[in-house]
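Asks: Here it is, the structure, as structure tokens.
The values are calculated or read from the model by the stated rules, or taken from the named source; none is laboratory data. Everything numeric here is computed off the predicted structure, so don't read it as measured data. Don't worry about glycine lacking a Cβ; one is built from the backbone with ideal geometry, like all the others, and counts go over all protein chains shown. The protein model used for the area step is the full one, side chains on, heavy atoms only, and it has no ligands, DNA or RNA in it. Shrake-Rupley method; radii C 1.70, N 1.55, O 1.52, S 1.80 Å.
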Amino acid sequence: MRWTLHSKPKKENVLQLQNELQVDETIATLLLQRGIGTYEQARAFFRPSLNDLHDPYLMKDMDKAVNRIEKAIANEENILIFGDYDVDGTTAVSLVASYLKSYYPNVATYIPDRYDEGYGISYKGIDYADDNNIPLIIALDCGIKSIDHVAYANEKNIDFIICDHHRPGDELPNAIAILDPKRIDCTYPYDELCGCGVGFKLIQALAQNQNQTISDLIPYLDLVATAIAADIVPMTGENRILAKFGLEVINSNPRPGIQVLIKNIKKKVITITDVVFIIAPRINAAGRIKHGNEAVALLSEFNLEQAAIFASEIEQHNSDRKGLDKQITIEALRQIEENNEKNRFTTVVYQEDWHKGVIGIVASRLTETYYRPTIVFTKSGDKLAASARSVRDFDIYNALEACSEHLEQFGGHMYAAGMTLKEENYLAFKEAFEKEVQNTIHPDLLVPEISIDAEIDLGEINDKLIRILNQFEPFGPQNRTPVFLTKNLTDSGYAKNLGADETHLKLFVSQNNSQSLGAIGFGLGDKLSFVKNKNPFDAVYCIDENEYNGTLSVQLRLKDLR
């Protein structure tokens, strides 16, 4: 691990913010590191408001999209809501479809089959619209590169409205409207929305024309918050506002589909972390193992008993997913060992019988193991399909673009992407990708980094600090949980390993005979020798409130020890 301590903001800026907000040096430092330097910026950060959301009509083509939908409603046309099979796509479909159905009945949904149709807009989906007399398709979380598919739909007199957040190519599809804040010609003030977020801006615009206010849309925010958490988009600007109020809905009055997914969480307050690790994997499991339609059915169901039935089926899919991803990860690690590829700059593996639904998870597991850009391929029809994952600060999308001559198609983000290629091009692509990464990645990026916000003394951890840190939530990219460094700690003498395989570390730490605080280090069981016999050590950690039997206590969640 590389420990990187953030550079301190200018002393005069820290002092000024301390005086304006009446906070201590640590809090002022954390705020400045997040680009918050004035009272007004701090007010917006600590007191997000739905009134701070941007006018949806600032997004290019929004007027065209709304006009076409309202024309469809006036003419009693059928509308098809089409979306990707992951969390972002299925929540977006549930969001837009359930909103439209609240005042217009002729709305159907379509999620492509991961195995039969693959990612994005499909010819099969367009044929479905054609067969069912549907002249308008609203595509969510996909479509920005579907030039041929939209042309095919135009031949059948089917119009497309595309709501996407992925990077466009050089050419845009010939759609009625393309809502994508990453369009070069779009001046919308915030371009980090997820697919469901773009869908929300669409219903926000429709709602304005229905004489509804933002308050009328609050019940839909549990879906938006779930998508923001699952898609790992920056927790800034509109995303942070939507996530905060969406979490409030999840905690107070979630839709039945989410209610049944969280019923076993034994906590007073559900956080964004719970959404990422408990809600999102279960929604994803439907599309991975069976079909994304099951996730849409769950999220769109308003009968609690029926939602519970859907949830039990999805729970089984999630259990199956866990077994598959564990087995494939073992096989992939063995392949890397046997091929003597541990010292490469990239990990690229392929086995034709690997389950397409879990290769993205396996790519993440391999990235955790070897910490380098990773791609996992499997057979999909007559081609190979893959999921890619990157390491921090390395743009894997750009690397794929440099190797695109070997690919049939690809798309994605800086840290995650998908692609297909012909089997005969696999080895050439593997070597081209290795060469591209080798030539462009900084060696430091191949060593996992712990980014540390501030060095503090243990005595600075008090109720006021924790209370203010809690107001930094919800956490996510660009607003990470604050990470602290404290030096010269000692254990009380009762440090021990935890877990069936003793991979975790539990201890009580103090500094210069100060207060003793509990600490837990998941996966740090091998560091027990560091802390034995009251040997002094440095620790990097986050400050948690541990809830046990209804009682809250302060706990350090250790990230590394030295």
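Asks: Go through Tyr99, Tyr104 for me and flag whichever is at pLDDT 95 or above, among the aromatic types (Phe, Trp, Tyr) and outside any loop (DSSP other than H, G, I, E, B).
Replies: Numbers: Tyr104 fails: outside any loop (DSSP other than H, G, I, E, B).
Criteria check complete, one pass: Tyr99.
Asks: Within segment 6-13, does at least one residue satisfy the condition of being more than 21 Å from Glu460 (Cβ to Cβ), open to solvent by 30 Å² or more (accessible area, probe 1.4 Å), touching a residue at least 12 places away in the same chain (Cβ under 8 Å) and assigned to a helix (DSSP H, G or I)?
Replies: no
Asks: Here's another thing I want to ask about it. Tell me which strands (runs of 3 or more DSSP E) are completely within segment 506-562 and hold 1 or more residues being open to solvent by 30 Å² or more (accessible area, probe 1.4 Å) and touching a Gly at 6+ places or on another chain (Cβ under 8 Å), or say none if there are none.
Replies: Numbers: elements: 517-521, 537-548, 551-561.
Of the strands (runs of 3 or more DSSP E) lying wholly inside segment 506-562, those with at least 1 residues that are open to solvent by 30 Å² or more (accessible area, probe 1.4 Å) and touching a Gly at 6+ places or on another chain (Cβ under 8 Å) span 537-548, 551-561.
Asks: Spot the failing condition for Asp395; the list is (1) touching a residue at least 24 places away in the same chain (Cβ under 8 Å); (2) within 15 Å of Thr374 (Cβ to Cβ), and only one is missed.
Replies: Only one criterion is unmet by Asp395, namely (1).
Asks: Residue by residue through segment 60-79, note down the ones that are of a type in the set (A, V, I, L, M) and part of a helix (DSSP H, G or I).
Replies: Within segment 60-79, the subset of a type in the set (A, V, I, L, M) is 62, 65-66, 69, 72-74, 79.
Listed by number, the residues that qualify are Met62, Ala65, Val66, Ile69, Ala72, Ile73, Ala74.
Asks: Also, I was wondering about something else. Can you tell me how many residues in segment 269-295 are in a helix (DSSP H, G or I) and touching a Phe, Trp or Tyr at 6+ places or on another chain (Cβ under 9 Å)? If you could, list the steps in order and put the result at the bottom.
Replies: First, the residues of segment 269-295 that are in a helix (DSSP H, G or I): 272-289, 293-295.
Add one more test, that the residue is touching a Phe, Trp or Tyr at 6+ places or on another chain (Cβ under 9 Å), and what stays is 272-273, 284, 286-288, 293-295.
Looking only at that region, the number is 9.
Asks: Please specify each residue of segment 14-26 satisfying the condition of being in a helix (DSSP H, G or I), over 26 Å from Asp560 (Cα atoms) and open to solvent by 60 Å² or more (accessible area, probe 1.4 Å).
Replies: So in segment 14-26, the residues in a helix (DSSP H, G or I) come out as 14-21, 25-26.
Pick out the ones that are also over 26 Å from Asp560 (Cα atoms) and you get 14-21.
Hits for segment 14-26 are Leu15, Gln16, Asn19, Glu20.
Asks: Output the residue which, of all residues in segment 269-281 that are without any contact (Cβ under 8 Å) to a residue 60 or more places away in the chain and surrounded by fewer than 22 Cβ atoms within 10 Å (Cβ to Cβ), is nearest to Asp113 (Cα to Cα).
Replies: Quick first cut of segment 269-281, residues without any contact (Cβ under 8 Å) to a residue 60 or more places away in the chain only: 269-270, 274-279, 281.
Next, from what is left, pick out any that are surrounded by fewer than 22 Cβ atoms within 10 Å (Cβ to Cβ): 269-270, 274, 276-278, 281.
Working: Val269: 35, Ile270: 31, Asp274: 28, Val276: 23, Phe277: 24, Ile278: 24, Pro281: 18 Å.
Ranking the qualifying residues of segment 269-281, first place goes to Pro281.
Asks: So in segment 143-175, with the set limited to residues that are farther than 24 Å from Glu77 by Cβ and among the basic types (Lys, Arg), which one is nearest to the chain's Cα centre (by Cα)?
Replies: Per the stated criteria, the residue is Arg167.
Asks: Can I ask one more? Check Arg365, Arg344, Arg321, Arg334 and return the single one that is over 25 Å from the mean Cα position of the chain (by Cα) and part of a helix (DSSP H, G or I). If you could, list the steps in order and put the result at the bottom.
Replies: Values: Arg365 fails: over 25 Å from the mean Cα position of the chain (by Cα); Arg344 fails: part of a helix (DSSP H, G or I); Arg321 fails: over 25 Å from the mean Cα position of the chain (by Cα).
Every option except Arg334 fails the conditions.
Asks: Related question: Can you tell me which residues in segment 431-466 are open to solvent by 70 Å² or more (accessible area, probe 1.4 Å), over 14 Å from Ile27 (Cα atoms) and not in a loop (DSSP other than H, G, I, E, B)?
Replies: The answer is Glu431, Lys435, Gln438, Asn439, Thr440, Pro443, Asp444.
Asks: Considering only residues that are at pLDDT 90 or above and either within 18 Å of the chain's Cα centre (by Cα) or within 19 Å of Ala243 (Cβ to Cβ) (or both), which ones fall in segment 260-274?
Replies: Step one: list which residues in segment 260-274 are at pLDDT 90 or above, which gives 260-262, 270-274.
Leu261, Ile262, Ile270, Thr271, Ile272, Thr273, Asp274 - these are the residues of segment 260-274 that are at pLDDT 90 or above and either within 18 Å of the chain's Cα centre (by Cα) or within 19 Å of Ala243 (Cβ to Cβ) (or both).
Asks: Do any residues in segment 100-119 that are over 16 Å from Lys290 (Cβ atoms) and open to solvent by 30 Å² or more (accessible area, probe 1.4 Å) have Cβ atoms under 8 Å from those of residues that are of a type in the set (D, E, K, R) and at pLDDT 85 or above, where the two are at least six apart or on different chains, and which pairs are they?
Replies: Asn106/Glu76; Asn106/Glu77; Tyr119/Asp84
Asks: Let me ask something else about it. Looking at the structure I just gave you, is Asp148 in contact with a strand residue (DSSP E or B) (Cβ under 9 Å, 6 or more places away or on another chain) and either open to solvent by less than 10 Å² (accessible area, probe 1.4 Å) or within 21 Å of Tyr85 (Cβ to Cβ) (or both)? Walk me through how you get there before you give the answer.
Replies: Numbers: in contact with a strand residue (DSSP E or B) (Cβ under 9 Å, 6 or more places away or on another chain): no; either open to solvent by less than 10 Å² (accessible area, probe 1.4 Å) or within 21 Å of Tyr85 (Cβ to Cβ) (or both): yes.
So Asp148 fails the test.
Asks: Follow-up question, since we're still on this one. Test of understanding: among Pro189, Pro234, Pro219, which residue is more than 23 Å from Val296 (Cβ to Cβ), at pLDDT 95 or above and not aliphatic (A, V, I, L, M)? If you could, list the steps in order and put the result at the bottom.
Replies: On the way: Pro234 fails: at pLDDT 95 or above; Pro219 fails: more than 23 Å from Val296 (Cβ to Cβ).
Being more than 23 Å from Val296 (Cβ to Cβ), at pLDDT 95 or above and not aliphatic (A, V, I, L, M) holds for just one of Pro189, Pro234, Pro219, which is Pro189.
Asks: Among the residues that make up segment 217-232, is at least one of them open to solvent by 10 Å² or more (accessible area, probe 1.4 Å) and over 22 Å from the mean Cα position of the chain (by Cα)? Walk me through how you get there before you give the answer.
Replies: Looking only at segment 217-232, we keep the residues that are open to solvent by 10 Å² or more (accessible area, probe 1.4 Å), and these are 218-220, 230-232.
Now restrict to residues that are over 22 Å from the mean Cα position of the chain (by Cα): none.
Scanning segment 217-232, I find no residue that is open to solvent by 10 Å² or more (accessible area, probe 1.4 Å) and over 22 Å from the mean Cα position of the chain (by Cα), so the answer is no.
Asks: May I pose another question? Only residues that are open to solvent by 30 Å² or more (accessible area, probe 1.4 Å) and in contact (Cβ under 8 Å) with a residue 40 or more places away in the chain: list them for segment 152-191, please.
Replies: Taking segment 152-191 as the starting set, the residues that turn out to be open to solvent by 30 Å² or more (accessible area, probe 1.4 Å) are 152, 154-157, 159, 167-172, 174, 176, 182, 184-185, 187, 189, 191.
Matches in segment 152-191: Asp159, Arg167, Ile176, Asp185, Thr187, Pro189.
Asks: Considering segment 248-268 alone, what residues qualify as being open to solvent by 10 Å² or more (accessible area, probe 1.4 Å), farther than 22 Å from Arg47 by Cβ and part of a helix (DSSP H, G or I)?
Replies: Pro256, Gln259, Val260, Leu261
Asks: Could you please give the count of residues in segment 64-99 that are surrounded by fewer than 24 Cβ atoms within 10 Å (Cβ to Cβ), on the phi < 0 side of the Ramachandran plot and among the acidic types (Asp, Glu)?
Replies: 2
Asks: Among the residues of segment 473-490, which ones are crowded, with 16+ Cβ neighbours inside 10 Å and touching a Ser or Thr at 6+ places or on another chain (Cβ under 8 Å)? Reasoning before the result, please.
Replies: Filtering segment 473-490 down to residues crowded, with 16+ Cβ neighbours inside 10 Å leaves 473-476, 479, 481-486, 489-490.
Glu473, Pro474, Phe475, Asn479, Val483, Leu489, Thr490, listed by residue number.
Asks: Pairs needed: first member in segment 65-79, farther than 14 Å from Asn157 by Cβ; second member anywhere, among the small types (Gly, Ala, Ser) and open to solvent by less than 50 Å² (accessible area, probe 1.4 Å); C-beta distance under 7 Å; at least 6 residues apart or different chains.
Replies: Within 7 Å, the pairs are Ala65/Ala177; Val66/Ala205; Ile79/Ala72.
Asks: Any idea which residue in segment 332-371 is least open to solvent (accessible area, probe 1.4 Å), counting only those that are among the charged types (D, E, K, R) and free of Cβ contacts under 8 Å to residues at least 40 places away in the same chain? First the steps, then the outcome.
Replies: Let us first name the residues in segment 332-371 that are among the charged types (D, E, K, R), namely 334, 337-338, 341-342, 344, 352-353, 356, 365, 368.
Those still in the list that are free of Cβ contacts under 8 Å to residues at least 40 places away in the same chain too: 334, 337-338, 341-342, 352-353, 368.
On the way: Arg334: 118, Glu337: 97, Glu338: 137, Glu341: 26, Lys342: 94, Glu352: 113, Asp353: 113, Glu368: 134 Å².
The selected residue is Glu341.
Asks: Next up: Among the residues of segment 27-53, write down those that are open to solvent by less than 80 Å² (accessible area, probe 1.4 Å) and over 26 Å from Ser7 (Cβ atoms).
Replies: Residues satisfying the conditions are Pro48, Ser49, Leu50, Asp52, Leu53.
Asks: Also, quick follow-up: Among the residues of segment 394-404, is there at least one that is of a type in the set (A, V, I, L, M, F, W, C), open to solvent by less than 40 Å² (accessible area, probe 1.4 Å) and either in a strand (DSSP E or B) or closer than 23 Å to Glu117 by Cβ (or both)?
Replies: Taking segment 394-404 as the starting set, the residues that turn out to be of a type in the set (A, V, I, L, M, F, W, C) are 394, 396, 399-400, 402-403.
Checking the rest, the ones that are also open to solvent by less than 40 Å² (accessible area, probe 1.4 Å) come to 394, 396, 399-400, 403.
Retained after the next criterion (residues that are either in a strand (DSSP E or B) or closer than 23 Å to Glu117 by Cβ (or both)): 400.
Looking for residues that are of a type in the set (A, V, I, L, M, F, W, C), open to solvent by less than 40 Å² (accessible area, probe 1.4 Å) and either in a strand (DSSP E or B) or closer than 23 Å to Glu117 by Cβ (or both), one finds at least one in segment 394-404, hence yes.
Asks: Hey, does segment 54-63 have a residue that's over 30 Å from Ile144 (Cα atoms), of a type outside the set (Phe, Trp, Tyr) and open to solvent by 40 Å² or more (accessible area, probe 1.4 Å)? Spell out how you get there, then give the answer.
Replies: Residues of segment 54-63 that are over 30 Å from Ile144 (Cα atoms), as a first pass: none.
No - not one qualifying residue is present in segment 54-63.
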